[in-house]
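Trainee: I'd like to ask some things about the structure below.
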Amino acid sequence: MNPDALRGHMDALLLSVLEREPLHGYAIIEALQERSGGALNVPTGTVYPALRRLERTGHLVSEWATVGGRRRRTYRLTDSGRKQLEGERSAWQAFTSAIGSVLGPGEVRPSGSA
């Protein structure tokens with residue numbers, strides 16, 4: 001998938017993945033790949049700055065945890081993050097509906113007619 005297509009949607013994707021359970025960064029990347037059927041291969045250089053930004057805005061909190069014998073920063077959705085995710089989902093539905101209306105098959109007109 002074209003990385004430009006993700007622009008503006010990364011926050012919603014990350015919040016959605018963290019809705020189920022707290023995860024560390026690499027597990028978030030794996031969840032994005034798995035849930036997208038492999039279509040989303042997001043680089044760490046995109047994910048970690050977005051996670052830090054979401055933490056600064058109060059949508060996520062993080063804490064150090066031992067996962068698989070290794071110390072990792074684990075991210076968890078806050079109440080503010082859940083509200084943000086609800087808004088992102090509503091905006092996404094409106095966006096996909098509008099784009100679908102334009103890109104969907106239209107009325108076929110005979111050649112030469114206006």
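Laboratory data are not the source of any read-out in this text; all were calculated from the coordinates shown. Here the structure is a predicted model, which is why all the values come from computation and not from measurement. Cβ: placed from backbone, ideal geometry, glycine included. Neighbour counts: every protein chain shown.
Trainee: What nm distance separates the two modelled labels at Lys83 and Tyr48, each placed 7 Å from Cα along Cα→Cβ?
Mentor: Each label point is offset 7 Å from its Cα along the Cβ direction, giving 3.1 nm.
Trainee: Rounded to the nearest 500, what is the 222 nm mean residue ellipticity of the chain from helices alone, with -39500 (n - 2.57) per DSSP H run of 4+ residues and division by all residues?
Mentor: The per-residue figure over the chain is -17000 deg cm²/dmol.
Trainee: A further question follows. Order these by the 10 Å Cβ neighbour count, fewest first: Ile99, Ile28.
Mentor: Ile99, Ile28
Trainee: For a label point 7 Å from the Cα of Arg7 along Cα→C-beta, name the residues of region 20-58 whose backbone N is under 20 Å from it.
Mentor: The answer is 40-51, 53-54.
Trainee: Can I ask one more? Could you go through region 62-68 in sequence order and give the Karplus-derived ³J(HN,Hα) for each residue, using 6.51 cos²θ - 1.76 cosθ + 1.60 with θ = phi - 60°, rounded to whole Hz, and x for Gly and Pro?
Mentor: So the J values, rounded to whole Hz, are 10, 8, 7, 9, 9, 10, x.
Trainee: Rounding to the nearest 10 and keeping the result within 0 to 90°, find how far the Cα-based axis of helix 44-56 lies from the longest principal axis of the chain.
Mentor: 80
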